[in-house]
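Student: One structure, pasted below without further comment.
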Amino acid sequence: MTEQAYLVLLALTDRPRHGYAIVQEVLALSGGDVRLGAGTLYGLLDRLGSAGLIEDAGEEVVDGRLRRYYRQTPQGGAAAASETARLAALTRRARRVLGGPALGEA
């Protein structure tokens, strides 16, 4: 899973969001390191949707513009949890190799 796809899944963990809100949440989750352009975002949403990890959660018109909302599916939540565990294990291995503390240690 790419970092961008993982962050989009995380952005949809707590509630459905529309495109711009996803972009803002990804920016916050990444500490400002990941900025998604519209093309990248909607490509990711299409791929995540095709994989069954997210789904449409409705639409609304705000200031004359259509907002489409997306939500994480149960399969998407499981994928996010699995990726989180994989990254944590990778971090533990890297810290052992680099001589730093294991994840969760001071």
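No value in this document is a laboratory result; all are computed from the given coordinates. As the structure is a computational prediction, the values presented were derived from the model and not from experiment. Glycine also receives a Cβ, built like all others from the backbone with ideal geometry; neighbour counts cover every protein chain displayed.
Student: When the chain is fully extended, how far beyond the present Cα-Cα distance does residue 40 get from residue 96, taking 0.36 nm per residue of separation?
Tutor: Stretched out fully, the residue 40 to residue 96 stretch lengthens by 16.7 nm.
Student: What does the charge add up to near residue 30, with Lys and Arg as +1, Asp and Glu as -1, over the other residues with Cβ less than 15 Å from its Cβ?
Tutor: That sum, taken over residues with Cβ under 15 Å, equals -3.
Student: Dipole size in debye (nearest 20) for the chain around its Cα centre, Lys and Arg Cβ +1, Asp and Glu Cβ -1?
Tutor: Around 400 debye, computed over the chain.
Student: Give me the one-decimal nm value for the distance between modelled label points at residue 78 and residue 63, 7 Å along each residue's Cα-to-Cβ direction.
Tutor: Placing both labels 7 Å beyond Cα along the Cβ direction yields 4.0 nm.
Student: To continue, here is another question. Obtain the radius of gyration and the Kirkwood radius of the chain from its C-alpha atoms and give Rg over Rh.
Tutor: Rg/Rh: 1.06.
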